1. Within region 791-813, which residues are among the charged types (D, E, K, R) and surrounded by fewer than 19 Cβ atoms within 10 Å (Cβ to Cβ)?
2. Exactly one of these conditions fails for Gly426: (1) of a type outside the set (Asp, Glu); (2) in a helix (DSSP H, G or I); (3) loosely packed, with under 14 Cβ neighbours inside 10 Å. Give me its number.
3. Hey, can you tell me all the residues within region 159-187 that are touching a strand residue (DSSP E or B) at 6+ places or on another chain (Cβ under 8 Å) and farther than 24 Å from His42 by Cα?
4. Criterion first (under 18 Å from Leu746 (Cβ atoms), assigned to a helix (DSSP H, G or I), modelled with pLDDT of 75 or more and under 45 Å from the mean Cα position of the chain (by Cα)) does Ala306 satisfy it?
5. Being buried (at least 24 other Cβ atoms within 10 Å of the Cβ), closer than 24 Å to Ala590 by Cβ and over 15 Å from the mean Cα position of the chain (by Cα) is the filter here; which residues of region 667-682 pass it?
6. Could you grab me the full set of residues in region 662-676 that are within 25 Å of Leu234 (Cβ to Cβ) and free of Cβ contacts under 8 Å to residues at least 40 places away in the same chain?
7. Would you be able to say whether some residue in region 624-631 is closer than 27 Å to Met786 by Cβ, of a type in the set (Gly, Ala, Ser) and free of Cβ contacts under 8 Å to residues at least 60 places away in the same chain?
8. With respect to Ile712, is the statement that it is within 25 Å of Ile295 (Cα to Cα), among the β-branched types (Val, Ile, Thr) and either crowded, with 24+ Cβ neighbours inside 10 Å or touching a Leu at 6+ places or on another chain (Cβ under 6 Å) (or both) true?
Amino acid sequence: MIADPAPSLPPALRCSIVVFIVLAPEASTMDVGYRPTPPAWHALSVEQALARLDSRPEGLAATEAETRYRRFGPNRLPQARPRSAWRRLLAQFANLLMLILVVAAVGSLVLGEVVDAAAILGVVGIIVLIGFIQEGRAEQALARIRDLLAPRAQVLRDGRRCDIAAEALVPGDIVLLESGDRVPADLRLLEARRLRHQEATLTGESLPVDKDSAPVPEDAELGDRSAMAYAGTLVAQGSARGLVVATGADTELGRISALLGNVEKLRTPLLRQLDRAGRVLATLILACAVVTAVIGVIIHDQPVAAMFMAAVGLAVAAIPEGLPAIVTIGLALGVQAMARCQAIIRRLPAVETLGSVSTIFSDKTGTLTRNEMTAQAIWLPEGEIRLDGTGFAPQGELHAVEGDAARREALNLDDHPALRHFLKVGVLCNDAELVREGEEWRIHGDPTEGALVVAAAKAGLSAAEIRGDHDRHDAIPFESGRQYMATLHKVEGEPVLLVKGAPDRLLARCHSVRTAQGEAELDPALWEQRLQALSSRGLRVLALAEKPLHDLHDLTDEHVEAGLVLLGLVGMWDPPREEVAAAVAECRAAGIRPVMVTGDHAATARAIAERLGFEQTQRVITGHELETLSDAALADAVLTVDVFARAAPEHKLRLVEALQSRGKVCAMTGDGVNDGPALKRADVGVAMGRQGTAAAREAAEMVLADDNFATIVAAIREGRKVYDNIRKTITFLLPTNGAQGLAIMLAVLSGSLLPVTPIQALWVNMVVAVTLGLALAFEPGEHDLMRRPPRDPDAALLDLFLLWRVIFVSTLLLLATYGVFSWIHNAQGGDIAQARAGAVNMLVAGCAAYLINSRYLTRSVLSRQGLFGSRPVWVAIGLIAVIQLAWTYVPVLQRLFGAAGLAPAHWVAILATAVAVLLIVEAEKALLRRRG
């Protein structure tokens with residue numbers, strides 16, 4: 001259930017935005033009718049389970065899946081109903097400001113001040129209505145944001161692998177699982193390869209448990225049902241195929257009414273800090289209000305009723321209750337703007353932290369590059385072969401290289417059996433599929449593996465035929481720790497182990513190389529030279545190898561430890577994203593260091609880093625070297641090295657800790673299940689939304705919907721803008737509250753006439769907060785936003801500069817208000833109602849003028865862009881001008897608030913004084929710029 005939004009926020013400006021990034025499907029309200037008691041799926045054999053659901057290993061037909069979807073409904077979990085409208089309406093009264101106003105209204109009625117009571121209740125009604133509307137809009141925004149990371153599932157339909165929305169799963173579907181995936185429904189495992197699951201969500205077991213496809217006794221406890229993969233659990237290791245046996249509310253998790261989601265109220269450290277400061281300030285102001293009223297009664301012999309209203313007016317005017325709400329709105333706008341830029345905030349403190357980031361640790365593949373792998377070179381013992389074409393379209397020819405150039409005529413595979421064998425091994429030791437969707441070719445699976453399938457297709461080899469002729473008997477799935485994948489097949493009637501992986505890992509395990517004449521002794525120096533040649537061109541390099549086995553049996557890592565026969569190397573080009581070079585340049589201008597952390601070869605990483613404009617690429621530290629460095633040495637190195645290659649997930653964690661030990665704030669990207677610790681430890685963990693695992697997304701504060709480095713930079717820019725606008729809002733609101741409170745307090749303490757009555761101060765406080773106070777939340781970022789150094793995370797929000805500005809402008813507005821009041825009342829001979837109307841309008845006009853000043857904290861606004869560059873500012877000024885004209889001249893409002901109409905000369909004086917306020921503040925800025 002969506003939690004009640006922060007009750008301390010005033011209803012008038014409440015923006016209860018909730019970031020609800022659901023990592024499981026949305027709730028289902030569909031009534032799908034009676035469901036029979038499910039069988040004990042864990043006790044059934046694979047064949048029995050398939051037969052029970054009328055399914056088959058190659059998956060359901062698309063038409064059958066549609067029929068079952070209509071029958072069973074979406075794969076969603078039950079969700080508690082949102083708050084009703086009347087509850088949301090009542091919640092508007094749950095804060096200090098509203099309590100003060102209600103007490104004031106009751107007190108006015110008791111004292112016989114019916115008009116004042118009516119005015120207060122009218123303001124209360126307006127505040128409640130605005131808060132009610134704001135919260136309704138916020139909940140609508142919630143519904144839009146939570147759909148941005150809708151979960152997906154890899155399934156087999158019509159015998160083909162495809163990617164679908166998880167809510168479209170139906171009983172009988174065949175789901176493919178890989179390391180890091182969140183299980184989207186209850187599955188009966190059909191195949192399991194070194195599969196381990198994290199089931200703490202369901203069973204409370206903190207350690208991963210082993211899974212396999214063998215049935216278990218019917219009375220086995222939930223945690224002992226090793227043949228099942230339950231919705232909401234995480235794949236910690238391995239891969240599997242599973243039969244969907246239950247969806248939505250019928251899953252084990254659905255039965256215990258657990259929600260697979262992450263609900264977080266918009267309560268960040270900044271808002272909590274403002275709440276604490278607000279409570280202290282409110283206490284002091286209330287104390288001052290009481291003391292002021294007592295002094296007025298005892299010393300100046302003022303009526304108790306008048307002093308009661310004066311105390312209420314002082315409290316309402318001076319307490320900056322609108323500040324937390326407007327800051328909340330600023331943060332909410334930032335979250336929505338980041339979402340539009342493809343950066344989804346999962347934990348709200350990240351919005352504030354982004355402005356302090358000084359280093360971005362970024363993966364290379366898919367983040368700095370497009371993750372559209374294309375095999376461009378194959379190096380066999382006989383020499384190099386080049387491949388034409390880019391992207392996933394199987395269009396292009398293969399050419400042999402002579403010297404430094406490729407021959408023009410295309411190769412004939414019949415004349416190159418070694419090449420044919422190499423391409424076949426690349427297809428067999430592979431889980432990717434190449435499909436044509438309309439006019440586009442796409443890869444289902446890992447793009448690196450897809451490049452090998454495309455290379456074979458360019459040579460005229462069909463992956464489906466090759467795999468159909470060579471059944472896979474076992475496999476060791478790729479894991480970042482081992483950096484290879486191995487499969488077991490029968491090739492020409494003999495069992496053969498096929499391996500592909502990182503060249504430096506496999507070359508060390510090869511004792512020979514396969515040539516056209518048979519096996520020959522491996523020359524490590526020659527192949528290292530070839531590896532360097534490919535890597536220096538910026539290509540990602542994989543090695544392929546094989547090993548004959550005596551019989552078919554279960555594979556273990558020991559089979560890959562030694563005795564491999566090298567087949568060759570393949571170099572794949574992953575083009576850098578076009579926008580990343582500009583983003584890297586923007587980072588450097590903003591004092592942010594981009595640092596590449598990749599599993600690729602050092603030469604490949606350096607070539608890409610240099611092409612993208614990384615600064616410190618002279619030295620590249622590899623994972624092996626990193627392991628030899630002490631913590632102190634690594635802390636020194638991480639400040640001067642921008643490229644880390646052959647890095648494992650545990651190395652990422654050390655890099656984050658090393659940088660943080662030097663007081664730096666960092667963001668870290670990750671996509672794998674093993675990246676979780678580094679993502680959690682980083683100040684801002686950034687997970688990949690497309691290629692990333694569910695485990696990585698849950699560990700991160702932010703998710704990139706497009707996996708793009710430039711999106712991180714855009715989010716940092718937005719984070720800086722949000723914080724900038726919050727400072728501007730604080731700088732604007734505090735002086736306006738201060739001037740109103742001081743005007744009442746000084747008048748009471750001096751025994752003089754009040755320039756602004758309490759009910760009028762309440763009016764000013766409301767209309768300024770509702771109109772002018774919101775404008776700065778929409779302010780665009782300043783032009784030098786990304787040319788400033790990162791913000792010090794320990795810097796006080798209210799520093800000496802802001803405190804000075806608050807005191808200076810409060811005094812300025814106070815003098816302007818008193819000046820206009822005295823001029824109209826004394827020099828112009830106006831009555832007290834007219835003088836107070838002039839004072840109220842002067843206070844509002846001064847606030848409007850100061851709003852323009854506040855667009856830039858230190859820069860001058862005396863330019864076309866500064867004065868007229870913000871539409872929200874002028875919309876707010878225009879709106880408040882219309883409201884004030886009505887307040888001044890409409891008879892009903894005149895009677896309610898004790899106002900009177902003003903003459904044209906009065907308006908000229910008010911507007912001239914407002915312009916003077918603007919110019920005086922600009923003169924103060926100029927003086928500060930010269931001194932600073």
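The values are calculated or read from the model by the stated rules, or taken from the named source; none is laboratory data. Given the structure is predicted, the values throughout are model-derived calculations rather than measurements. All Cβ positions, even for glycine, are placed from backbone atoms using ideal geometry, and neighbour counts span all protein chains on display.
1. Once the filter is applied, which keeps residues that are among the charged types (D, E, K, R) and surrounded by fewer than 19 Cβ atoms within 10 Å (Cβ to Cβ), region 791-813 yields Asp792, Asp794, Asp799.
2. Here Gly426 clears every test but (3).
3. Those that are touching a strand residue (DSSP E or B) at 6+ places or on another chain (Cβ under 8 Å) and farther than 24 Å from His42 by Cα: Arg160, Arg161, Cys162, Asp163, Ile164, Ala165.
4. No: the conditions fail for Ala306.
5. Across region 667-682, the qualifying residue is only Ala678.
6. Asp675, Gly676
7. No; the residues of region 624-631 include none that is closer than 27 Å to Met786 by Cβ, of a type in the set (Gly, Ala, Ser) and free of Cβ contacts under 8 Å to residues at least 60 places away in the same chain.
8. The answer is no for Ile712.
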